[in-house]
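Inspection log for the structure reproduced underneath, given as structure tokens.
The values are calculated or read from the model by the stated rules, or taken from the named source; none is laboratory data. Model, not experiment: these values are computed from the prediction. Cβ sites come from the backbone with ideal geometry, for glycine too, and all protein chains shown count toward neighbours.
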Amino acid sequence: MATAQNAGKADSIDQSEKKKFWNNDTEAIIGIMIVLLILGTINVFSSSFIIAETEFDSPYFFLKRHLINVAIGFVAFLICFRVDYHKWRSLMPFILLFTIISLVLVLIIGPTVNGARRWLPLAVAQFQPAELSKLVSIMLMSAYLAMEIKASRDIKFFTAQLGIIGIMAFLTEQEPDMGTASIILGIPLIMMIVAGLSRKKILWLGGFTALGIIGLILRQPYRLERLKVAYDPWSDAQNYGYQTVQSLSAIGSGELTGMGLGVGVSKYDYLPEAHTDFAFAIFCQENGFLGAVFVFSLFAALTVYATRVARRSRDEYGQILSMGIMVLIVGQAIANLLMVGGMLPVVGVPLPFISYGGTSLIVTMASMGMLANVGRLGRKN
């Protein structure tokens, strides 16, 4: 009788394990990334083939480059997935030096595109150091916070690490790129608050942040104009509000199920940046409300699994690094979705995996590799 009961329990355990969609959190993170990559690749081609044909005489111009970036991104992912995340701490001085030198070179020799210098021309592609700075700032702050927490010391606001991050953000803002600069500096500050920054220091931080944002907005007149029309884009629909109006029009025309892949009309020179920052508007137009909800669900699931990885990490560094990467990817997704939906000013933040962008995609996949590595090493056997 006992043997039969034990056998029955074993069968029930086997059945419950078989019913799991993922074997562990790491598999879930990798699976979500692959699904987002497939959706993004389809959307990049669908949203770009018109401009690719008219400007480069090939509808596959951006698709080919996107696939190359995906391949490079997978290499970066595999490296970060296989290398113990602790080893990156010993390489931090070299990574920081490379990043800061690259940011300086952009301002000196970077080509000017639409009034901004953001890329370094390489032999076969362009490299955007500011995108790498996002991940580097998280890695640097994670190392500092883990050290302080492990030693049971109070988290300081003015530190060498935050100073270096501030330099990277300043150089990025000079391009100018306020959106990326805000991410480079903002996410480490969020990490400090979550890690236990005192209430008094949080109040000081809030005051400095408010003054800094006001100063950055006033520094460039167009930023103030964008802010004015952010919540009423129709008041200046042919100028500063044009992009938001066209984005909302594209989203609304998708209705429940969308117009169908490749059928969206807003990419026919109506919506600027249709394959980059506003790629999600085209996605909604062609896949409808149901497609949008599916993308929301994927990022929500990524948040859940990344949080579980952070909670189960074997040390403070892994916990904080996982949290920072989660905020980087999901936070950018939220910012982009709010921007495309007209609830934030146009700040030039891409939607991870869905928007076209070489360095952005590669760095995002490398980040996912680090996150998966924390999950793999922290998983209980």
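Observations, loosely collected:
- Residues within the range 50-98 that are assigned to a helix (DSSP H, G or I) and surrounded by 13 or more Cβ atoms within 10 Å (Cβ to Cβ), tallied: 29
- Being more than 22 Å from the chain's Cα centre (by Cα), over 24 Å from Gly186 (Cβ atoms) and either outside the structural domain of Ile325 (by TED's automatic domain parsing) or modelled with pLDDT of 95 or more (or both) holds for only one residue in Leu122, Leu78, Leu107, and it is Leu122.
- Among the candidates Leu205, Leu261, Leu197, residue that is assigned by TED's automatic domain parsing to the domain that holds Glu286, touching a residue at least 12 places away in the same chain (Cβ under 8 Å) and hydrophobic (A, V, I, L, M, F, W, C): Leu261
- Evaluation of Phe157 against (1) farther than 30 Å from Asp277 by Cα; (2) part of a helix (DSSP H, G or I) (one fails), failing number: (2)
- Selection count, the range 334-363, where residues are in a loop (DSSP other than H, G, I, E, B), within 18 Å of Leu227 (Cα to Cα) and β-branched (Val, Ile, Thr): 3
- Restricting attention to the range 349-371, the residues that are surrounded by fewer than 24 Cβ atoms within 10 Å (Cβ to Cβ) and more than 20 Å from Thr41 (Cα to Cα) total 0.
- Tabulated pairs, the range 145-161, first free of Cβ contacts under 8 Å to residues at least 12 places away in the same chain, second of a type in the set (Asp, Glu) and crowded, with 17+ Cβ neighbours inside 10 Å, C-beta under 8 angstrom, 6+ apart or interchain: Lys156/Glu148
- Looking across the range 191-243, the residues that are hydroxyl-bearing (Ser, Thr, Tyr) and buried (at least 16 other Cβ atoms within 10 Å of the Cβ) come down to Tyr240, Tyr242.
- Qualifying residue in the range 276-284 (condition: of a type in the set (Gly, Ala, Ser), buried (at least 23 other Cβ atoms within 10 Å of the Cβ), assigned by TED's automatic domain parsing to the domain that holds Phe353 and touching a Cys at 6+ places or on another chain (Cβ under 9 Å)): no
- So Val136, is it part of a helix (DSSP H, G or I), crowded, with 22+ Cβ neighbours inside 10 Å, over 17 Å from the mean Cα position of the chain (by Cα) and touching a residue at least 12 places away in the same chain (Cβ under 8 Å): no
- Pair list, Cβ < 8 Å and 6+ apart or interchain, from the range 316-329 residues that are at positive phi and buried (at least 24 other Cβ atoms within 10 Å of the Cβ) to residues that are of a type in the set (A, V, I, L, M) and at pLDDT 95 or above: none
- All conditions but one from (1) surrounded by 15 or more Cβ atoms within 10 Å (Cβ to Cβ); (2) touching a Phe, Trp or Tyr at 6+ places or on another chain (Cβ under 7 Å) apply to Tyr144; the one that does not is (2).
- Condition check for Ile167: in contact with a Ser or Thr (Cβ under 8 Å, 6 or more places away or on another chain), modelled with pLDDT of 85 or more, assigned to a helix (DSSP H, G or I) and not assigned by TED's automatic domain parsing to the domain that holds Ala279: no
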